[in-house]
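The values are calculated or read from the model by the stated rules, or taken from the named source; none is laboratory data. Predicted, not measured: the structure shown is a model, and the values here were computed from it. Because the Cβ atoms are built from the backbone with ideal geometry, glycine has one as well, and the counts that use them run over all protein chains shown.
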Amino acid sequence: MSMQKTDDNRVKIFDTTLRDGEQSPGFSMNHDEKLRMAAMLEELGVDIIEAGFPIASQGDFESVRAIAKQASDDVVIAGLCRASVNDINRAWEALQYAPHARIHTFISTSPVHMKYKLRMEPEAVLEAIHKSVSHAASLTSDVEWSPEDGTRTDPDFLVDVVKTAVEAGATTINVPDTVGYLVADEYAELIKMLLNNVPGLEKCTISTHCHNDLGVAVANSLGGVAAGARQIECTINGIGERAGNASLEEVAMALQVRGDRLPYWTRIDGTKLVRASQMLQSITGFSVQPNKAIVGANAFAHESGIHQDGMLKNAQTYEIMTPESVGWQKTNLVLGKHSGRAAFRNKLEQLGYGDIGENAFQDAFVRFKDLADHKKDVTDEDIIALVDDSAGDQEAAYTLEDLKIHSIVHGVARVDVSVAARSEVHTVTTEGNGAVDAIFKGIKQATGQDGQKLDLYQVHAVTGGTDAQAKVTVRLSQDGRSVSGTGADYDTLFASARAYIHALNKLQASERRVHAHHDSAESGGEAA
């Protein structure tokens with residue numbers, strides 16, 4: 001018997017990949033990457049996208065504003081603010097362009113946070129809540145309020161602060177387990193306690209925001225829903241500060257698969273979960289572990305002989321959902337060197353890519369044909385890696401033109417590296433301790449950029465076999481900024497060079513935004 005879908009048993013998905021997720025070290029995204037990810041989240045069926053923290057930086061403000069402008073009528077765009085009139089006004093400046101906008105404001109309420117972080121007495125915190133929520137409610141009818149470190153807040157005081165927020169006009173009350181301290185039954189009891197003790201709370205949407213420090217963020221979120229919450233705050237791949245947040249793909253599929261015990265529904269299109277996961281991995285350069293639920297490479301892999309025997313007889317012996325239900329392709333239609341543009345474009349549409357832009361399409365197609373000349377079978381995974389690589393930086397300062405490896409003798413490599421910078425090609429010859437070291441030194445010399453620290457160099461094989469395409473991740477840091485770049489190629493050294501240049505371009509773009517913000521501040525105006 002299928003579950004009847006009503007407003008009462010609908011769970012809204014509030015995605016904070018672009019805000020809480022981006023706060024993870026090395027996970028920062030540039031402007032265009034945030035827009036791409038926001039469009040993917042909307043296509044996935046997310047109800048609320050928390051686009052950023054507008055007052056944090058000019059770049060964050062501009063990204064939130066751009067996401068608000070591109071949003072459709074099907075999604076709410078939210079911005080985070082502290083309990084400050086200036087924060088709220090700045091957020092509204094960016095959010096007002098969205099068809100549906102939400103102001104999300106918060107303040108710490110636990111004893112340890114109030115004493116050491118805020119240095120405020122409880123009475124002052126209550127006053128700040130009333131003032132900030134009231135001001136937000138004067139700008140929009142959709143106001144969310146959060147007590148930071150709410151699960152370690154004194155229960156009586158938690159009732160007081162939630163009551164104050166509700167009376168001031170909050171329409172969504174979020175209950176953050178900021179440090180991932182509780183377990184599922186405790187979290188559910190906390191939700192029930194608030195519902196029983198805060199007048200008017202039943203008219204608000206109660207939200208969960210659970211961190212994964214003890215590995216129970218998804219369990220806590222589902223426990224909160226069972227207790228009365230109807231919104232889950234989560235991120236793609238579970239990214240976020242420290243051990244991350246509740247994973248969107250896990251909560252969505254848990255609600256879909258276990259409707260017998262959790263009779264609730266979401267708008268999430270499960271068939272797009274893998275695509276969203278892979279897009280985020282490509283943008284950030286961070287791959288999920290193979291055994292990651294739902295989207296990991298081994299999530300539907302079976303190696304044990306006993307398991308394989310069962311799968312051959314009936315897939316339900318070891319699978320509680322189908323790979324296709326979350327976006328994995330059961331069979332890969334293999335394209336080859338004789339395939340044309342029409343077949344390649346059709347394959348991109350099957351893989352969930354809409355219009356990636358003609359330049360990115362042409363680049364990906366040329367590289368696909370080149371790959372097909374060197375690799376017997378070009379799989380879906382190969383094509384995804386190529387397209388994500390081609391659709392990367394729109395404002396690239398540098399591009400790789402050529403790379404020649406002359407010799408590697410006793411570990412010392414000599415290479416020629418050619419890099420185009422503003423239509424001018426610079427070629428240098430360098431030596432290093434191995435080919436990768438020589439290539440990176442050559443790129444630094446050719447671009448004149450030598451102040452970066454290499455924090456990570458990582459190589460993944462996109463598929464199996466000795467002819468596998470390599471996907472390389474490079475993380476660079478400079479002046480307190482950290483970015484990740486990726487590159488894909490059938491030659492690991494070319495992939496390494498592309499990844500380094502991708503990261504370098506992101507650093508340059510970040511530096512331009514900083515200078516633009518400073519120039520704007522000095523002139524008293526707002527950067528365009």
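Conditions (1) surrounded by fewer than 21 Cβ atoms within 10 Å (Cβ to Cβ); (2) in a helix (DSSP H, G or I), marked per residue:
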{"residue": "Val428", "(1), (2)": "yes, no"}
{"residue": "Asp437", "(1), (2)": "yes, yes"}
{"residue": "Thr466", "(1), (2)": "yes, no"}
{"residue": "Thr486", "(1), (2)": "no, no"}
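Can you confirm whether the range 17-28 contains a residue that is of a type in the set (Lys, Arg), part of a strand (DSSP E or B) and crowded, with 18+ Cβ neighbours inside 10 Å? The answer is no, given that none of the residues of the range 17-28 is of a type in the set (Lys, Arg), part of a strand (DSSP E or B) and crowded, with 18+ Cβ neighbours inside 10 Å.
A single entry from Ala435, Ala470, Ala461 fulfils the requirement of being over 30 Å from the mean Cα position of the chain (by Cα) and within 30 Å of Phe368 (Cβ to Cβ): Ala435. Between Ala254, Ala246, Ala219, the distinction of being without any contact (Cβ under 8 Å) to a residue 40 or more places away in the chain and closer than 22 Å to Met29 by Cβ belongs to Ala246 only.
Say whether the condition of being in the same structural domain as Ala165 (by TED's automatic domain parsing), in contact (Cβ under 8 Å) with a residue 24 or more places away in the chain, charged (D, E, K, R) and in a strand (DSSP E or B) is met by at least one residue in the range 262-271. No; the residues of the range 262-271 include none that is in the same structural domain as Ala165 (by TED's automatic domain parsing), in contact (Cβ under 8 Å) with a residue 24 or more places away in the chain, charged (D, E, K, R) and in a strand (DSSP E or B).
Every condition in (1) buried (at least 22 other Cβ atoms within 10 Å of the Cβ); (2) assigned to a loop (DSSP other than H, G, I, E, B) is met by Gln4 except one, and the failing one is (1). What single numbered condition from (1) part of a strand (DSSP E or B); (2) surrounded by fewer than 21 Cβ atoms within 10 Å (Cβ to Cβ) fails to hold for Lys444? Lys444 satisfies all of (1) part of a strand (DSSP E or B); (2) surrounded by fewer than 21 Cβ atoms within 10 Å (Cβ to Cβ) except (1).
Hey, among Lys369, Lys376, which residue is among the charged types (D, E, K, R), at pLDDT 75 or above and farther than 28 Å from Ile268 by Cβ?
Lys369
Return yes when Ala438 is aliphatic (A, V, I, L, M) and modelled with pLDDT under 90 and no when it is not. Answer is no for this residue.
Listed here are the residues, each with its yes/no results for (1) within 19 Å of Lys272 (Cβ to Cβ); (2) among the acidic types (Asp, Glu); (3) in contact with a strand residue (DSSP E or B) (Cβ under 7 Å, 6 or more places away or on another chain).
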site: Gly26; (1), (2), (3): no, no, yes
site: Asp32; (1), (2), (3): no, yes, no
site: Leu35; (1), (2), (3): yes, no, no
site: Ile49; (1), (2), (3): yes, no, yes
site: Ser57; (1), (2), (3): no, no, no
site: Arg65; (1), (2), (3): no, no, no
site: Ala68; (1), (2), (3): no, no, yes
site: Ala83; (1), (2), (3): no, no, yes
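Restricted to the range 65-86, and to residues there that are within 15 Å of Arg36 (Cβ to Cβ) and in a helix (DSSP H, G or I), the residue that is farthest from the chain's Cα centre (by Cα) is Lys69.
Scanning for something among the charged types (D, E, K, R), under 23 Å from Gly21 (Cβ atoms) and at pLDDT below 95, does the range 84-97 turn up at least one residue? No, because not a single residue in the range 84-97 is among the charged types (D, E, K, R), under 23 Å from Gly21 (Cβ atoms) and at pLDDT below 95.
Contact map, the range 102-121: first residue charged (D, E, K, R), second residue assigned to a helix (DSSP H, G or I), Cβ cut-off under 8 Å, separation 6 or more or different chains; pairs are Arg102/Leu95; Glu121/Met114.
Taking the range 102-136 as the range and being surrounded by 20 or more Cβ atoms within 10 Å (Cβ to Cβ) and closer than 18 Å to Arg90 by Cα as the test, the residues that pass are Arg102, Ile103, His104, Thr105, Phe106, Ile107, Ile129, Ser132, Val133, His135, Ala136.
Quick one: is Val474 at pLDDT 90 or above and touching an Asp or Glu at 6+ places or on another chain (Cβ under 9 Å)? Yes. When the range 36-52 is limited to residues that are outside any helix (DSSP H, G or I) and either at pLDDT below 95 or out of contact with any Phe, Trp or Tyr (no Cβ under 9 Å at 6 or more places or on another chain) (or both), the one that is nearest to Asn89 (Cα to Cα) turns out to be Ala51. Scanning the range 137-162 for residues that are among the small types (Gly, Ala, Ser) and more than 27 Å from the chain's Cα centre (by Cα) returns Ala137, Ser138, Ser141. Can you say whether Lys471 is touching a strand residue (DSSP E or B) at 6+ places or on another chain (Cβ under 7 Å), under 30 Å from Thr379 (Cα atoms), outside the structural domain of His374 (by TED's automatic domain parsing) and surrounded by fewer than 14 Cβ atoms within 10 Å (Cβ to Cβ), as far as the supplied structure shows? So Lys471 does not fit the description; no. Looking across the range 175-224, the residues that are out of contact with any strand residue (DSSP E or B) (no Cβ under 7 Å at 6 or more places or on another chain), farther than 17 Å from Val159 by Cα and either buried (at least 18 other Cβ atoms within 10 Å of the Cβ) or among the aromatic types (Phe, Trp, Tyr) (or both) come down to Tyr181, Leu182, Ala184, Val216, Ala219, Leu222, Gly223.
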